[in-house]
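The values are calculated or read from the model by the stated rules, or taken from the named source; none is laboratory data. Fair warning: this is a prediction, and the values are worked out from it, not measured in the lab. Glycine gets a Cβ as well: all are built from the backbone with ideal geometry, and neighbour counts include every protein chain shown. SASA here: full protein model, heavy atoms, side chains in, ligands and nucleic acids out. Shrake-Rupley method; radii C 1.70, N 1.55, O 1.52, S 1.80 Å.
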Amino acid sequence: VLPDCNEKCSKVYKVSNKLLLSTPINTQKKNMDDKFPHEILYSQKYNDAQYEFRHVVLTREVFMCIPKSRVLMEDEWRQYFTMSKGWENYARHQPEPHILLFRRPLGTDPDTGKVDPELERAAKARYAQEVQQYCYAST
């Protein structure tokens, strides 16, 4: 159950068998609405030599219901949004804690969440080629 943004008082909500106290909306900074989207936003995927990354921008309602002091376990974040399998919430964007950072090993099969050696080799070869092209283009 998500909190109603129009409520004027604090209320207790049950999320993932835990009780959370929501902060009254009227105690938030006036400009805080500017940083929250109206719907959950997903970034494009990007990668390095080891991982594929993406970030997710939460709505105010979802942000108010999730634990703030740690990364989320898969069963926690899947209550609010969906992504293919294999993603791990490894951090938050510290200046904007409503942005969650996710990663998964290169070559992860999106249907199973497991690393497929053939997909991994292909992904690492693509990355090496992109780096090489970038290095030659910058010289």
Return yes when K35 is of a type in the set (D, E, K, R) and in contact (Cβ under 8 Å) with a residue 60 or more places away in the chain and no when it is not.
yes
Residue list for the range 94-108, restricted to those being farther than 16 Å from R60 by Cβ and either in a loop (DSSP other than H, G, I, E, B) or under 10 Å from the mean Cα position of the chain (by Cα) (or both)
Q94, P95, L101, F102, R103, L106, G107
Selected residue (criterion: surrounded by the most Cβ atoms within 10 Å (Cβ to Cβ)) from residues of the range 78-100 that are in contact with a Phe, Trp or Tyr (Cβ under 9 Å, 6 or more places away or on another chain) and within 17 Å of F36 (Cβ to Cβ):
L100
Scanning the range 56-77 for residues that are open to solvent by less than 60 Å² (accessible area, probe 1.4 Å), assigned to a loop (DSSP other than H, G, I, E, B) and either of a type outside the set (S, T, Y) or in contact (Cβ under 8 Å) with a residue 60 or more places away in the chain (or both) gives L58, I66, P67, V71, L72
Among the residues of the range 112-119, is any closer than 24 Å to L41 by Cβ and surrounded by 11 or more Cβ atoms within 10 Å (Cβ to Cβ)?
yes
Among the numbered criteria (1) surrounded by 16 or more Cβ atoms within 10 Å (Cβ to Cβ); (2) out of contact with any strand residue (DSSP E or B) (no Cβ under 9 Å at 6 or more places or on another chain); (3) modelled with pLDDT under 70, which one does P3 miss?
(2)
Tally, over the range 76-116, of residues that are within 15 Å of H55 (Cβ to Cβ), in contact with a helix residue (DSSP H, G or I) (Cβ under 9 Å, 6 or more places away or on another chain), at pLDDT 95 or above and charged (D, E, K, R):
1
